[in-house]
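Here the structure is laid out as structure tokens; the discussion comes afterwards.
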Amino acid sequence: MNKSTGGLSEARLGRMHAVMAGYVERGELPGLVTLVSRRGQVHVDVIGMQALGGHQPMQRDTIFRITSMTKPIAAVAAMILVEECKLRLDEPVDRLLPELADRAVLKHLDAPIADTLPALRPITVRDLLTMRMGFGFILEAAADCPILAAASEQQIVMGPPQPALPLAPDEWLRRFATLPLMHHPGEQWMYDKAFSVLGVLIARAAEQPLETFLRERIFAPLDMPDTGFSVPAANLHRLPPCYWTNFETGAFAVYDEAPDSAWSRPPAFPDAAGGLVSTLDDYLAFGQMLLDKGQHRRERILARPSVEVMITDQLLPSQRASAGPFLDDNRGWGLGVSVITRRDNGSAVPGRFGWEGGFGTSWFSDPQEELVAILMSQRLPPAADLYSDFWTLAYQSIDD
């Protein structure tokens, strides 16, 4: 039979397998897993091994470092607290994060860190969720910016997650607060660090550790047992090595490997910008909940209007244009998720929302097509064309 009950073509899903398997056969990845779910029909494909040269096959329940796919989960946690009036979207964060009151802003990006002026307004909760706090990755050719050196000295990581960082949340925030902002709050979309701050804010608003709140309010209700900031010893055999590319030789090197993984113990600083691990089925539960407007079986995680504001583009055209490689010209940013704003090919469906992780993971949910699709691999940077091929193949499998 060519067509499934979910309106997916079995033959075309076979095409997806052939193309994805090519990445493994060419040695670009040791293995990967993919999932396409539509109208209750779930198709999973498991390809290759967990490690290069290894003998342990990749599995459906393999645990992956999902890096920036942590951000949508943190955004849902923040919106739960907004619904409870413990946070307010347009309230300054100063009430709970007094360290960030009275911000100074660099006069220009490559200025000495003392060359500042007062911020035009406070940072708000919405600024954190939309990554318009005014501090983040610098995309311009500015490797010698004093602010980057100062951030490094304070152990404010501006790159891949480092769970072994010894700073606890309060100390991390204290160090961050010694730095000026790069732009005034609300002006520019700047990637990543706003969500590290958001994690501290969530914990203070909830009056409990970030992971405890995530587990009680999101992971347990959604039955996501393998999602967290570390992997228990009994499950480390399910955590594959993560690789990164030596840009001088082009060869793979191990970035993190079990059993001595940086994710094998709870971190001092649970980073809401990119610290979680998860599995294919755990993240499907999360992505399906958002597709179902906050509902999971009989459990409501968020109200429908809260999800709708999350998946509504919040950016001005100028802010989207300054986002560089993080957002294409047909992508905006809502509250913790990227949103497709216009169609430019078969896989860019307006209204589709989700995000990707820098270690080779990708998730989007599509309300129009009633679809959730997820890709999991472990390579930094992700294999070239992997994401675009996966999404092209996910959409070409639709057969109705």
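Check GLY351, GLY324 and return the single one that is in contact with a Phe, Trp or Tyr (Cβ under 9 Å, 6 or more places away or on another chain) and among the small types (Gly, Ala, Ser).
Working: GLY351 fails: in contact with a Phe, Trp or Tyr (Cβ under 9 Å, 6 or more places away or on another chain).
One residue alone meets the criteria, GLY324.
Rundown of residues vs (1) surrounded by fewer than 21 Cβ atoms within 10 Å (Cβ to Cβ); (2) not hydroxyl-bearing (Ser, Thr, Tyr), yes/no style:
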position: ARG121; (1), (2): yes, yes
position: VAL125; (1), (2): no, yes
position: ARG174; (1), (2): yes, yes
position: SER196; (1), (2): no, no
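How about the range 332-360: which of its residues are farther than 24 Å from GLY199 by Cβ and not hydroxyl-bearing (Ser, Thr, Tyr)? First the steps, then the outcome.
Residues of the range 332-360 farther than 24 Å from GLY199 by Cβ: 340-352.
Within the range 332-360, ILE340, ARG342, ARG343, ASP344, ASN345, GLY346, ALA348, VAL349, PRO350, GLY351, ARG352 meet the criteria.
Restricting the search to the range 313-371, which residues are touching a Pro at 6+ places or on another chain (Cβ under 7 Å) and of a type in the set (Val, Ile, Thr)?
Matches in the range 313-371: VAL337, ILE340, THR341.
Take the residues in the range 67-119 that are assigned to a loop (DSSP other than H, G, I, E, B) and of a type in the set (Gly, Ala, Ser); name whichever of them is nearest to THR212 (Cα to Cα). Please lay out each step first, then the result.
First, the residues of the range 67-119 that are assigned to a loop (DSSP other than H, G, I, E, B): 84-91, 96-97, 101-103, 107-115, 119.
Adding the requirement that they be of a type in the set (Gly, Ala, Ser) leaves 101, 111, 114, 119.
Values: ALA101: 27, ALA111: 40, ALA114: 38, ALA119: 34 Å.
Among residues in the range 67-119 that are assigned to a loop (DSSP other than H, G, I, E, B) and of a type in the set (Gly, Ala, Ser), the one nearest to THR212 (Cα to Cα) is ALA101.
Out of the range 2-56, which residues are polar (S, T, N, Q), at pLDDT 95 or above and either under 23 Å from the mean Cα position of the chain (by Cα) or assigned to a loop (DSSP other than H, G, I, E, B) (or both)?
Residues satisfying the conditions are THR34, SER37, GLN50, GLN56.
With the structure loaded, tell me whether LEU316 is among the aliphatic types (A, V, I, L, M) and without any contact (Cβ under 8 Å) to a residue 24 or more places away in the chain or whether it fails that test. I'd like the intermediate steps shown before the answer.
Numbers: among the aliphatic types (A, V, I, L, M): yes; without any contact (Cβ under 8 Å) to a residue 24 or more places away in the chain: yes.
Taking the combined requirement at face value, the residue satisfies it.
State all residues of the range 301-312 that are part of a loop (DSSP other than H, G, I, E, B), surrounded by fewer than 19 Cβ atoms within 10 Å (Cβ to Cβ) and either touching a helix residue (DSSP H, G or I) at 6+ places or on another chain (Cβ under 8 Å) or among the hydrophobic types (A, V, I, L, M, F, W, C) (or both); if no residue qualifies, say none. Give the derivation first.
Going residue by residue through the range 301-312, those that are part of a loop (DSSP other than H, G, I, E, B) are 301-303, 311-312.
If we keep only those that are surrounded by fewer than 19 Cβ atoms within 10 Å (Cβ to Cβ) too, we end up with 303, 312.
ALA303, the sole residue that qualifies.
Just to check your reading of the model, which residue among PRO180, PRO209 is more than 25 Å from ASP282 (Cα to Cα) and modelled with pLDDT of 95 or more?
On the way: PRO209 fails: more than 25 Å from ASP282 (Cα to Cα).
Checking each option against the conditions leaves just PRO180.
Only one of GLU211, GLU207 is of a type in the set (D, E, K, R) and buried (at least 18 other Cβ atoms within 10 Å of the Cβ); which? Spell out the reasoning first.
Working: GLU207 fails: buried (at least 18 other Cβ atoms within 10 Å of the Cβ).
Criteria check complete, one pass: GLU211.
Assess whether ASP102 counts as being free of Cβ contacts under 8 Å to residues at least 40 places away in the same chain and touching a Leu at 6+ places or on another chain (Cβ under 9 Å).
Details: free of Cβ contacts under 8 Å to residues at least 40 places away in the same chain: yes; touching a Leu at 6+ places or on another chain (Cβ under 9 Å): no.
So ASP102 does not fit the description; no.
Give the residues of the range 258-287 that are loosely packed, with under 15 Cβ neighbours inside 10 Å and among the acidic types (Asp, Glu), sorted by residue number.
Listed by number, the list holds a single entry, ASP260.
Since LEU222 meets every condition but one in (1) outside any loop (DSSP other than H, G, I, E, B); (2) within 25 Å of ALA285 (Cα to Cα), which condition does it not meet?
Only one criterion in (1) outside any loop (DSSP other than H, G, I, E, B); (2) within 25 Å of ALA285 (Cα to Cα) is unmet by LEU222, namely (1).
Mind listing just one residue for me: the one in the range 340-357 that is out of contact with any helix residue (DSSP H, G or I) (no Cβ under 7 Å at 6 or more places or on another chain) and hydrophobic (A, V, I, L, M, F, W, C) and, of those, nearest to PRO317 (Cα to Cα)?
Looking at residues that are out of contact with any helix residue (DSSP H, G or I) (no Cβ under 7 Å at 6 or more places or on another chain) and hydrophobic (A, V, I, L, M, F, W, C), I get ILE340.
Name the residue that is nearest to TYR283 (Cα to Cα), counting only residues in the range 32-60 that are of a type in the set (A, V, I, L, M, F, W, C) and out of contact with any Pro (no Cβ under 8 Å at 6 or more places or on another chain). Don't jump to the end; show me each part of the working.
Quick first cut of the range 32-60, residues of a type in the set (A, V, I, L, M, F, W, C) only: 32-33, 35-36, 42, 44, 46-47, 49, 51-52, 58.
Remaining after also requiring out of contact with any Pro (no Cβ under 8 Å at 6 or more places or on another chain): 32-33, 35-36, 42, 44, 47.
Numbers: LEU32: 15, VAL33: 13, LEU35: 10, VAL36: 12, VAL42: 13, VAL44: 13, ILE47: 18 Å.
Taking the candidates together, the pick is LEU35.
Can you tell me which residue is farthest from ALA203 (Cα to Cα) among those in the range 80-98 that are in contact with a helix residue (DSSP H, G or I) (Cβ under 7 Å, 6 or more places away or on another chain) and surrounded by fewer than 17 Cβ atoms within 10 Å (Cβ to Cβ)?
ASP90
When the residues of the range 318-335 are filtered to those that are surrounded by fewer than 19 Cβ atoms within 10 Å (Cβ to Cβ) and under 27 Å from ALA384 (Cα atoms), which remaining residue is modelled with the highest pLDDT?
Kept after step one, since they are surrounded by fewer than 19 Cβ atoms within 10 Å (Cβ to Cβ), are these residues of the range 318-335: 318, 321-322, 324-325, 328-330.
Subset that is under 27 Å from ALA384 (Cα atoms): 321-322, 324-325, 328-330.
Numbers: ALA321: 85, SER322: 81, GLY324: 82, PRO325: 85, ASP328: 85, ASP329: 85, ASN330: 90.
Looking at residues that are surrounded by fewer than 19 Cβ atoms within 10 Å (Cβ to Cβ) and under 27 Å from ALA384 (Cα atoms), I get ASN330.
Condition check ((1) among the charged types (D, E, K, R); (2) assigned to a loop (DSSP other than H, G, I, E, B)) across all residues:
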| site | (1), (2) |
| --- | --- |
| SER318 | no, no |
| PRO325 | no, no |
| VAL339 | no, no |
| ASP344 | yes, yes |
| GLY351 | no, yes |
| GLU369 | yes, yes |
| ALA373 | no, no |
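The values are calculated or read from the model by the stated rules, or taken from the named source; none is laboratory data. The model shown is predicted, which means the values in this text are computed figures rather than measured ones. Ideal geometry is used to build each Cβ from the backbone, glycine not excepted, and the neighbour counts take in all protein chains shown.
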